[in-house]
Amino acid sequence: MAASPKNQLSETKTLDSAAQTNGQDSPQPNCESVPPSDPQSTADTNPGEKRKRDDDDPTQNSSPHPLWKTTLCSYFRRQDGSCTHGSTCKYAHGEEELRPRLDNTWDPTSERAKKAMKGENGEKVAAKEEEEQEVMMTEMVMDGGEDGEACGDPQLSKCLVHLPRKWHADNLRKFLSEQGITFKSAKKKKGMVVGFVSFESAEQLKSAVEELEGKSFGNKNLKVANVIPRPFERKVKSAMAATLSSQQTIDDASIKENAGVPIASNEVQDGATNDDGSALDDSTSKAKCARDAVTPLAHMPYSDQLEHKKNSVMQMLKKLTRNARKACPNGVSLPQWVLQSRERGGLPCEVEGIIESPVVNGYRNKCEFSVGYSQQGKPTVGFMLGNFREGVTAVEEPVDCPNVSKIACRYASIFQEFLQHSSFPIWNRFKNTGFWRQLAVREGRSAGKVADENFEANISEVMLIVQVCSVGLDEAQVTNEFERLAQAFAAGAAANSPPLPLNVFVVQDHQGISNVAPTDAPLRSIPIPKTESSLQLETANNIIEARIHDCISNLRFSISPTAFFQVNTLAAEKLYSLAGEWAGLGPDTLLFDICCGTGTIGLTLAHRVGMVIGIEMNASAVQDAYKNAEINGIKNCRFICSKAEDVIGSLLKEYLNVSEKQGQLSSALESSEKGTLAGEEIDTCTTNAHNDGESSCQEPEKCSENDGKEIQNQLQESSTSKDGNSLVPQFKNVVAIVDPPRMGLHPTVVKVLRTHAPLRRLVYISCNPESLVANAIELCTPSPEKVEKGKKDNRGWRNMSSAGLARHRAKSMPISEPFQPVKAMAVDLFPHTPHCEMVMLLER
């Protein structure tokens with residue numbers, strides 16, 4: 001029915017009002033539902049359409065909306081106390097107008113909320129503020145720079161925090177000169193937010209602190225922090241010079257640090273003293289330990305940890321509702337799940353709670369220990385006490401870390417003892433030189449139910465991976481060093497009571513800056529010397545294969561050195577079981593395991609479905625997946641090494657009862673998606689292998705466009721016989737399970753999942769709820785009536801949040817039926833840490 005001119009005018013007015021209110025950065029989920037004071041405007045608004053506020057004062061109503069003035073007005077704050085809406089604005093203009101929310105909490109950005117949080121965690125907040133005043137890093141201060149000049153007395157040195165990451169040392173020196181500051185030396189490494197400045201006298205230092213403190217860089221203020229110095233000085237000799245047929249002696253006053261050349265010995269005597277013979281100040285008393293850095297929730301009872309994680313996940317999911325409201329195109333009705341979110345307190349769907357981990361202590365089957373120096377200057381194998389970008393390089397032993405097994409701690413201790421007498425240097429994170437970088441301990445457990453107290457008794461296999469950088473070193477000497485280390489590991493394992501399992505010892509040679517090595521980094525298997533231990537004799541033959549095995553849901557999985565495998569095996573069983581229950585599997589189900597890695601999800605659910613199709617870009621992971629299927633005798637699994645967007649259309653046509661016309665439409669749609677995305681694609685494929693719960697979906701290997709077409713042709717040829725009849729069974733139900741890395745799914749994969757209509761159900765497993773929210777915005781936001789094409793020269797995305805990027809990409813989503821969130825649940829795979837896995841069911 002055609003709209004009357006009066007109604008058209010009213011709708012135009014509503015849209016104009018929407019354009020004015022888009023300036024609010026962080027609206028409350030239900031604030032748009034504030035009823036206008038004019039009943040006529042309500043009548044003019046279609047049901048389900050985004051309703052906007054009129055110019056009348058809602059405070060004239062006898063009963064204001066429950067969310068009235070519960071959020072601070074961001075426009076009011078940005079414009080120095082001015083807002084075009086005046087007293088009619090539904091947001092609070094200051095702390096005086098702010099009202100508590102329905103759950104008796106305050107706006108998180110308000111002073112009341114900050115004071116309340118400080119009152120609850122006063123000691124932690126105070127400790128954090130005190131910690132920010134000190135930087136546990138001294139390489140840039142104590143060590144010589146590129147020109148070999150040291151920064152001088154640490155008492156006359158300061159650390160500048162919140163500097164731009166793109167700055168070099170020259171940028172820092174230029175900045176100091178422009179401020180009229182006299183200094184002795186200044187150092188800054190690109191990619192870090194800290195820089196180091198030293199002065200000639202205390203007067204210069206005092207004047208500089210007064211001038212620099214509080215300087216603004218963007219939305220952050222410059223902070224001047226103290227530096228915790230290395231509490232020792234000693235003579236060191238260069239063994240690298242001897243290795244390169246020249247012997248040199250380093251300056252006696254140089255600091256024992258991991259220089260760019262090997263030193264004669266890394267050993268340090270405990271209880272060092274200052275030059276005047278006095279005892280060293282205990283600077284470590286103010287610094288947090290490895291337990292605080294790695295397991296910040298370990299001080300809480302486990303039940304409180306679960307409640308804390310559940311609340312965090314719920315707050316994150318509320319962002320999905322808020323951003324879906326913003327992303328919904330004008331003139332398009334809000335989805336029903338958004339309208340119903342007010343009944344759930346702003347949640348997009350019901351959160352059914354959190355599943356606890358069967359094992360709370362020592363649950364990690366993979367631990368990566370950094371190699372560095374402790375705050376006392378001792379070569380240490382353990383965990384860094386903070387972020388390198390924030391100026392923390394101190395490494396402490398993994399003692400009292402409840403998530404690390406005793407076996408892993410023991411091997412870290414053996415390696416640390418070996419480093420005390422090694423002639424090769426420890427990796428220097430500033431100069432990007434050195435030899436020893438990292439130790440990874442991977443454990444394989446035998447099948448069977450175990451309790452928390454005897455969980456480690458089931459560890460039957462261990463793989464050790466030592467990461468080094470052998471650039472410029474003599475191959476014979478490196479080989480000899482590896483043999484000595486293998487003997488040390490074997491002897492240490494045999495000396496333990498009971499003897500420690502040791503099956504594989506691998507060396508990874510990595511020359512990059514970060515310890516996150518690419519999948520094709522060279523691996524070298526080192527033979528383990530035979531000992532009197534019968535266990536060692538039995539496993540000696542497995543060295544060539546360089547694999548260990550673990551069990552999930554009574555299935556045995558082969559694990560290669562770089563393969564992804566969930567770090568909490570028993571909790572992963574609960575995670576995969578939940579995903580299978582929500583997926584609605586059956587004999588007529590085709591299950592797509594996207595980002596399948598080594599195939600753990602698909603293989604554990606293969607007995608419940610007709611066919612499993614695993615899609616993975618990492619070729620070595622696909623090989624592991626096929627090997628695992630063979631080990632467990634599973635025949636209904638197929639793994640494809642390719643991009644999901646290149647093959648999913650052909651696979652749907654092959655295994656589903658899809659008409660030829662619909663298949664052609666899907667192919668055409670894929671081509672249009674590639675053309676549209678070419679101008680707007682924002683690459684979020686960076687993989688962080690150090691983070692918990694990562695997967696190997698995102699582009700460790702690049703597949704060319706021609707490779708994708710060849711794969712599609714092969715799939716199409718294999719799906720039909722010579723007479724045109726189908727050679728493969730047809731499935732009526734298609735389900736996808738995705739388990740991406742922390743960065744989430746690539747935008748192209750999201751678009752493929754969204755635009756393939758036969759895919760009716762999607763189970764999203766995420767180790768980072770923030771990336772889940774970003775992907776869900778694109779999957780669940782209604783399509784616009786007119787698709788916007790991306791701009792090739794658009795660089796505004798660089799300053800956007802992940803949710804903002806998702807809203808931006810949703811504008812160019814091809815017209816398709818959106819998903820809607822049905823339910824969500826958290827699974828605690830990482831006790832004692834703030835992280836957990838999130839499972840969400842999406843349907844359409």
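The values are calculated or read from the model by the stated rules, or taken from the named source; none is laboratory data. In this text the structure is predicted, and so the values were computed from the model without any measurement. Here the Cβ is made from the backbone with ideal geometry for all residues, glycine too, and neighbour counts use every protein chain on show. Side chains included, ligands, DNA and RNA excluded: accessible areas come from the protein's heavy atoms. Shrake-Rupley method; radii C 1.70, N 1.55, O 1.52, S 1.80 Å.
Below 10 angstrom from the Cβ of Pro66, what's the summed charge of the other residues (Lys, Arg +1; Asp, Glu -1)?
Here the count lands on +3.
Apply the Karplus parameterisation 6.51 cos²θ - 1.76 cosθ + 1.60, with θ equal to phi minus 60°, to every residue of segment 315-329 and state each ³J(HN,Hα) to the nearest whole Hz, in sequence, with x for glycine and proline.
Working through the residues one at a time gives 5, 5, 5, 5, 5, 4, 5, 4, 6, 5, 4, 5, 7, 4, x Hz.
Would you mind checking Lys174/Lys223; Lys530/Lys574; Lys643/Lys732; Lys188/Lys378; Lys115/Lys310 for any pair whose Cα atoms are more than 30 angstrom apart? Numbers along the way, then the final one.
Values: Lys174/Lys223 18 Å; Lys530/Lys574 39 Å; Lys643/Lys732 24 Å; Lys188/Lys378 25 Å; Lys115/Lys310 23 Å.
Those over the limit are Lys530/Lys574.
Enumerate the amide H contacts of Gly586 below 5 Å, restricted to partners 5 or more residues apart or on another chain; note that Pro and chain-start residues carry no placed amide H.
Under 5 Å from the amide H of Gly586 lie the amide H atoms of Gly610, each far enough along the sequence or on another chain.
Which net charge results when you count Lys and Arg as +1 and Asp and Glu as -1 among the other residues whose beta-carbon is under 12 Å from that of Cys401? Don't skip to the end; give the middle numbers.
Numbers: positive: Arg291, Arg364, Lys406; negative: Asp292, Glu396, Glu397, Asp400.
The answer is -1.
My understanding is that a pair violates if its Cα-Cα distance is over 20 Å; which of Lys158/Lys187; Lys184/Lys220; Lys158/Lys190; Lys366/Lys823; Lys751/Lys823 do that in this structure?
Details: Lys158/Lys187 11 Å; Lys184/Lys220 26 Å; Lys158/Lys190 18 Å; Lys366/Lys823 31 Å; Lys751/Lys823 22 Å.
Check vs 20 Å cut-off fails for Lys184/Lys220; Lys366/Lys823; Lys751/Lys823.
Where does each of 399-410, 200-211 land if you order them by average Cβ count within 10 Å, highest first?
Details: 399-410: 19.7, 200-211: 13.8.
The densest-packed peptide leads the list: 399-410, 200-211.
If we count every other residue with Cβ under 14 angstrom of Pro527's Cβ, Lys/Arg +1 and Asp/Glu -1, where does the sum land? Walk me through the numbers on the way to the answer.
On the way: positive: Arg484, Arg524, Lys530; negative: Glu483, Glu545.
Value of the local net charge: +1.
For segment 154-230, what is the accessible area per residue in Å² when the probe is 1.4 Å?
Values: 3900 Å² over 77 residues.
Using a 1.4 Å probe on heavy atoms only, each residue of segment 154-230 averages 51 Å².
Of the peptides 337-348, 105-116, how do they stack up when ordered by the mean number of other Cβ atoms within 10 Å, highest first? Mind showing how you got there, number by number?
Working: 337-348: 19.1, 105-116: 14.9.
So the peptides 337-348, 105-116, ranked by packing, come out 337-348, 105-116.
Where in segment 735-788 are there trypsin sites (Lys or Arg not before Pro) that are in a DSSP coil and have at most 10 other Cβ atoms within 10 angstrom of their Cβ?
Taking segment 735-788 and a limit of 10 other Cβ atoms within 10 Å, the loop trypsin sites (Lys or Arg not before Pro) found are Lys786.
Checking the a/c ratio against 1.5 first, then a/b against b/c, what shape does the Cα gyration tensor give for segment 154-230?
Values: a/c = 1.44, a/b = 1.29, b/c = 1.12.
Rounded is the answer for segment 154-230, as its axis ratio a/c remains below 1.5.
If packing is taken as the mean number of other Cβ atoms within 10 Å per residue, what is the order of 169-182, 305-318, highest first? List each step's numbers first, then the result.
Numbers: 169-182: 14.6, 305-318: 17.7.
Going from most to least packed, we get 305-318, 169-182.
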